[in-house]
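Undergrad: A single structure is presented below for examination.
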Amino acid sequence: MNDNPDTPVTVIGLGRMGQALARAFLKAGHPTTVWNRTASKAEQLVAEGARRAPTVADALRAGPLAIVCVTDYRAVHALLGASDVEPAGTTLVNLTSGDSAQARETARWAGQRGARYLDGAIMAVPPAVGTAEAVILHSGPRSDFEAHKPTLDALGTVTHLGADHGLASLYDVAGLAMMWSVLNAWLQGTALLRTAGVDAVTYAPFARRIAAGVAEWLPGYAEQIDSGSFPAEVSDLETDARAMAHLIEESEAVGVNAELPKLIKAMADRSIAAGHGAEQYPVLIEEFARPGDD
Ligand code: NAP
């Protein structure tokens with residue numbers, strides 16, 4: 001374990017996020033080497049104590065741990081694939097956003113070059129980096145994560161999800177799906193209520209209680225999904241589908257957008273047509289688990 005602030009770290013990519021990452025390492029006292037394609041973006045960090053490496057190859061030689069955070073995986077490969085770059089012996093932590101296949105492929109690529117590799121996802125905005133609020137997900141060999149966790153801790157709340165390098169990307173998009181679904185449901189309700197003069201601020205606390213209440217159902221529903229058995233303990237899908245029809249009718253009657261309610265009901269209708277009407281809501285996992293019609 002290299003749990004001392006003297007452990008050197010390299011940050012490659014100094015966009016909005018890369019600068020925040022480098023600054024968090026500097027604040028924690030780590031000797032921090034930085035590199036960016038547009039070299040001027042390193043100037044402020046150098047003033048704050050960072051060392052600017054002239055090349056990616058030089059940046060990688062600066063220490064045992066290198067964080068990469070650029071626009072996309074194409075840029076990652078363009079940088080690390082350069083002929084003079086020798087990643088062997090370095091642990092690369094790639095915090096660039098991408099999909100699970102890119103993460104697994106990059107892990108193979110790094111392994112073939114003798115580098116250790118962790119893939120990661122940042123669930124935070126740059127100003128939160130360096131605080132506990134910044135959740136940073138990692139996947140790949142646990143031993144590599146544990147070896148560098150004391151250094152990575154400077155970035156926020158760092159978590160290891162498992163050995164499969166694709167997990168960080170998958171958790172990342174799962175979180176986005178949750179975020180947008182909750183927000184869209186709230187916006188649907190807000191649009192409905194505004195037709196009766198109820199403003200968003202009035203509805204928000206009510207919506208928040210509903211979201212928190214529904215969140216309480218997840219562990220029990222998850223057990224049904226994992227067991228593949230969906231007894232209708234509190235409601236069945238047929239009953240839910242009638243309420244969905246009501247949501248569509250009300251939306252159309254008061255002149256607000258009914259696309260989201262129609263999508264929700266279309267999935268329930270398919271599940272009912274497949275014979276699941278008497279089962280409980282999470283049986284819809286079977287609709288979510290296969291490609292749609294688009
Ligand atoms: P950004 O400000 O647009 O910076 C992009 C960085 O990528 C710059 O350092 C840029 O270099 C570099 N880059 C792009 N293409 C390159 C190439 N072909 N070769 C070398 N360098 C290249 O983006 P960002 O906000 O820092 O985001 C970086 C990553 O963090 C993205 O994957 C993003 O999805 C993820 N992320 C960002 C946020 C956020 O709120 N900003 C939150 C979570 C995750 P130049 O300076 O030379 O152009």
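Undergrad: At 0.36 nm per residue, and after removing the present C-alpha to C-alpha distance, how many nm does the segment from residue 84 to residue 226 gain when stretched out fully?
TA: That works out to 46.3 nm of additional length.
Undergrad: Figure the gain on full extension for residue 200 and residue 153 (residue separation times 0.36 nm, minus the Cα-Cα span) and round it to one decimal in nm. Walk me through the numbers on the way to the answer.
TA: Values: separation 47, 0.36 × 47 = 16.92 nm, distance 3.82 nm.
Here the answer is 13.1 nm.
Undergrad: If R₀ is 25 angstrom, what is the calculated FRET efficiency for the pair residue 37 and residue 112, using the beta carbon separation as r and rounding to 0.05?
TA: Rounded to the nearest 0.05, the efficiency is 0.55.
Undergrad: Separate question: Can you give the FRET efficiency for residue 290 and residue 183, using 1/(1 + (r/R0)^6), R0 = 35 Å, r = Cβ-Cβ distance, to the nearest 0.05?
TA: 0.85
Undergrad: Give me the net charge for the shell around residue 26: Cβ to Cβ below 11 angstrom, other residues only, Lys and Arg +1, Asp and Glu -1.
TA: +2
Undergrad: In Å, the Kirkwood hydrodynamic radius of the range 128-175 over pairs of distinct alpha carbons?
TA: With all distinct Cα pairs of the range 128-175 included, I get 10.9 Å.
Undergrad: Counting only protein heavy atoms and a 1.4 Å probe, tell me what percentage of the chain's accessible area is made up of carbon and sulfur.
TA: Summing carbon and sulfur atoms, their accessible area is 57 percent of the total for the chain.
Undergrad: Would you calculate, for the chain, the mean residue ellipticity at 222 nm contributed by helices, counting each DSSP H stretch of 4 or more residues as -39,500 (n - 2.57) and dividing by all residues, to the nearest 500?
TA: Helix-only estimate at 222 nm: -16000 deg cm²/dmol.
Undergrad: May I ask for the net charge around residue 56, where only other residues with Cβ less than 11 Å from the Cβ of residue 56 are counted and Lys, Arg are +1 while Asp, Glu are -1?
TA: Local net charge: -1.
Undergrad: Sticking with this one: What list of ³J(HN,Hα) values in whole Hz, one per residue of the range 243-252 in order, does the Karplus curve 6.51 cos²θ - 1.76 cosθ + 1.60 (θ = phi - 60°) give from phi, with Gly and Pro shown as x?
TA: 5, 5, 4, 5, 4, 5, 4, 5, 4, 5
Undergrad: Shifting gears a bit: Between residue 278 and residue 209, how many nm apart are label points set 7 Å from Cα along the C-beta direction?
TA: Between residue 278 and residue 209, the label points sit 3.6 nm apart.
Undergrad: Scattering from the C-alpha atoms of the chain alone, worked out with Debye: what is log10 I(q)/I(0) at q = 0.08 1/Å?
TA: Here log10 of I(q) over I(0) equals -0.49.
Undergrad: What is the list of residues in the range 175-210 whose amide nitrogen lies under 17 Å from a point 7 angstrom out from the Cα of residue 234, following Cα to Cβ?
TA: So the set is 207-210.
Undergrad: How big is the range 160-294 by Rg and Dmax over its Cα atoms, in Å?
TA: Rg then Dmax for the range 160-294, in Å: 16.7, 52.
Undergrad: So, one more: What's the local net charge at residue 112, with K and R +1, D and E -1, over the other residues with C-beta under 14 Å away? Provide the component values of the computation, followed by the final result.
TA: On the way: positive: 104, 108, 113, 116; negative: 86, 105.
Local net charge: +2.
Undergrad: Could you tell me the relative contact order of the range 195-288? Use alpha-carbon pairs under 8 Å, at least six residues apart, and round to a whole percent.
TA: Averaging sequence separation for qualifying contacts and normalising by length gives 36 percent for the range 195-288.
Undergrad: Turning to a different aspect of this structure: List residues of the range 21-36, by number, whose backbone nitrogen lies under 15 Å from a label position 7 Å along Cα→C-beta of residue 6.
TA: 29-32
Undergrad: When only alpha-carbon atoms count, how far does the range 68-149 stretch along each of its three principal axes, as whole angstroms with the largest first?
TA: So the extents along the principal axes, rounded to whole Å, are 37, 27, 23.
Undergrad: What is the distance in Å between the Cα centres of the range 210-232 and the range 261-294?
TA: Cα centroid to Cα centroid, the span is 16 Å.
Undergrad: Continuing with this model, one more query. If I take every Cα pair under 8 Å that is 6 or more residues apart in the chain, average their sequence separation and divide by the length, what percent do I get for the relative contact order?
TA: The normalised contact order for the chain reaches 13 percent.
Undergrad: Just tell me which aspartates and glutamates come within less than 16 Å, Cα to Cα, of residue 27; anything on the same chain fewer than 8 places away is out.
TA: Leaving aside aspartates and glutamates fewer than 8 places away in the same chain, those within reach of residue 27 are 3, 6, 48, 153.
The values are calculated or read from the model by the stated rules, or taken from the named source; none is laboratory data. Just so it is clear, the model here is predicted, and its values are computed rather than measured. Cβ sites come from the backbone with ideal geometry, for glycine too, and all protein chains shown count toward neighbours. For accessibility, only protein heavy atoms count, side chains too; no ligands or nucleic acids. Shrake-Rupley method; radii C 1.70, N 1.55, O 1.52, S 1.80 Å.
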